């Protein structure tokens with residue numbers, strides 16, 4: 001089959017759950033014998049326009065690099081390009097880009113084409129605080145379009161599948177994200193750059209967006225009785241104000257270390273050698289960052305939102321959402337309980353190994369394409 005991925009920023013992934021999902025799923029589909037084409041934005045890849053990555057064919061389409069136009073303009077132009085190809089599947093990512101699935105659906109009807117239109121429902125993006133009222137309305141419209149008019153709606157969590165089914169009367173297919181062990185060096189050499197030691201820090205990897213709750217983590221950490229550091233990997237996404245807010249909040253504490261957006265071996269070393277992982281999100285889809293932490297055997301301290309609870313399945317250290325005091329208590333418990341941390345990490349790793357295997361997920365997705 002010829003499969004076209006639309007709506008993501010691009011691959012290779014530079015961070016972001018949607019991009020990791022597209023890259024890993026596409027790679028597995030290529031291994032299963034399919035031709036997979038991923039649309040990319042040059043601004044995301046830093047102008048390094050590779051034509052192929054891990055067997056995935058990359059197509060670069062221009063856009064306007066502004067907060068509100070980047071994704072939708074890119075999706076529109078990608079859709080027009082894809083309709084000129086002999087595509088078997090157009091696979092849209094997230095509810096914003098899905099607002100345009102009416103275009104291929106209309107073309108299919110007029111020209112009697114049989115291109116399947118698939119949407120992956122990653123999360124309720126309109127809950128993200130960076131969007132204004134109009135943007136939130138438009139994202140809800142995209143959600144409705146995806147649920148009502150996609151040939152197949154894939155939901156990455158049971159909660160999203162249930163929500164879409166009840167609200168729109170749709171019949172989503174539940175296929176969770178996968179998790180792959182990140183590459184890492186043999187001697188954790190990348191830790192030296194920040195003077196870090198194995199097991200000597202709490203770790204979070206996240207985009208700097210307010211609903212990710214990083215400010216709660218900083219507030220909680222500053223009250224802890226510990227010599228372990230807090231290491232924060234990530235960067236802003238049209239959210240420079242929030243990034244500066246975080247930097248200012250942490251400025252008076254030398255053990256809070258911002259390492260920037262990291263990928264590959266560097267990110268793998270940071271995750272592999274952390275004492276534990278923190279996920280203080282106010283809102284999420286099923287988080288690939290959390291799944292990758294589980295895959296690495298890290299105990300996870302998570303907010304009690306449904307998506308996080310679904311991921312850890314009773315094997316996480318859970319705190320009340322938006323409550324930095326409760327988060328501090330749970331982090332202090334983790335720091336004082338190394339045996340429990342090790343035990344939970346092992347349970348979560350086994351869970352991710354069994355339930356979040358990319359090969360199995362690609363097989364389920366392939367069956368959706370074929371059905």
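A few remarks follow.
- The residues listed here are 311, 283; of these, the one that is in a helix (DSSP H, G or I), over 16 Å from residue 181 (Cβ atoms) and in contact with a helix residue (DSSP H, G or I) (Cβ under 6 Å, 6 or more places away or on another chain) is 311.
- In the stretch 321-333, the residues that are under 30 Å from residue 175 (Cβ atoms) and either touching a helix residue (DSSP H, G or I) at 6+ places or on another chain (Cβ under 8 Å) or surrounded by fewer than 16 Cβ atoms within 10 Å (Cβ to Cβ) (or both): 322
- Test: residue 191 is in contact (Cβ under 8 Å) with a residue 40 or more places away in the chain and either over 20 Å from residue 288 (Cα atoms) or part of a strand (DSSP E or B) (or both): yes
- Residue in the stretch 117-132 that is in contact with a helix residue (DSSP H, G or I) (Cβ under 6 Å, 6 or more places away or on another chain) and more than 27 Å from residue 12 (Cβ to Cβ) present: yes
- Screening the candidates 297, 314 for the property of being more than 23 Å from residue 127 (Cβ to Cβ), surrounded by fewer than 22 Cβ atoms within 10 Å (Cβ to Cβ) and over 19 Å from the mean Cα position of the chain (by Cα) yields one hit, 314.
- Selection of the stretch 224-256 for residues being over 30 Å from residue 132 (Cβ atoms) and over 22 Å from the mean Cα position of the chain (by Cα) yields 224, 225, 226, 227, 228, 229, 252, 253, 254, 255, 256.
- Test: residue in the stretch 19-29 that is in contact with a strand residue (DSSP E or B) (Cβ under 6 Å, 6 or more places away or on another chain), free of Cβ contacts under 8 Å to residues at least 60 places away in the same chain, surrounded by 20 or more Cβ atoms within 10 Å (Cβ to Cβ) and closer than 15 Å to residue 61 by Cα: no
- So residue 296, is it in contact with a strand residue (DSSP E or B) (Cβ under 9 Å, 6 or more places away or on another chain), more than 18 Å from residue 218 (Cα to Cα) and assigned by TED's automatic domain parsing to the domain that holds residue 208: yes
- For residue 51: the one exception among (1) out of contact with any helix residue (DSSP H, G or I) (no Cβ under 7 Å at 6 or more places or on another chain); (2) modelled with pLDDT under 95; (3) closer than 22 Å to residue 238 by Cα: (3)
- Taken together, 191, 153 contain a single residue that is buried (at least 19 other Cβ atoms within 10 Å of the Cβ), more than 21 Å from the chain's Cα centre (by Cα) and within 27 Å of residue 351 (Cβ to Cβ), which is 191.
- Taken as a whole, the stretch 206-225 holds no residue that is more than 29 Å from residue 123 (Cα to Cα) and without any contact (Cβ under 8 Å) to a residue 24 or more places away in the chain.
- Residues (surrounded by fewer than 16 Cβ atoms within 10 Å (Cβ to Cβ) and over 15 Å from residue 167 (Cβ atoms)) located in the stretch 125-135: 129, 132, 133, 134
- Filtered residues of the stretch 152-171 (kept if in contact with a helix residue (DSSP H, G or I) (Cβ under 9 Å, 6 or more places away or on another chain) and either without any contact (Cβ under 8 Å) to a residue 40 or more places away in the chain or at positive phi (or both)): 153, 155, 165, 167, 168, 169, 170, 171
- For the stretch 39-57, residues that are in contact with a strand residue (DSSP E or B) (Cβ under 7 Å, 6 or more places away or on another chain) and surrounded by 18 or more Cβ atoms within 10 Å (Cβ to Cβ) total 3.
- Scope the stretch 58-85; condition touching a strand residue (DSSP E or B) at 6+ places or on another chain (Cβ under 6 Å) and part of a loop (DSSP other than H, G, I, E, B); matching residues: 61
For (1) part of a loop (DSSP other than H, G, I, E, B); (2) in the same structural domain as residue 243 (by TED's automatic domain parsing); (3) surrounded by 18 or more Cβ atoms within 10 Å (Cβ to Cβ), each residue gets a yes or a no:
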position	(1), (2), (3)
110	no, no, no
117	no, no, yes
141	no, no, no
160	no, no, yes
167	no, no, no
170	yes, no, yes
204	no, yes, yes
217	no, yes, yes
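- Taken as a whole, the stretch 241-251 holds no residue that is in contact with a strand residue (DSSP E or B) (Cβ under 7 Å, 6 or more places away or on another chain), assigned to a loop (DSSP other than H, G, I, E, B) and not assigned by TED's automatic domain parsing to the domain that holds residue 14.
The values are calculated or read from the model by the stated rules, or taken from the named source; none is laboratory data. Keep in mind that what you see is a predicted model, and the values were worked out from it rather than measured. Every residue, glycine as well, gets a Cβ built from its backbone with ideal geometry; the counts of neighbours run over all protein chains shown.
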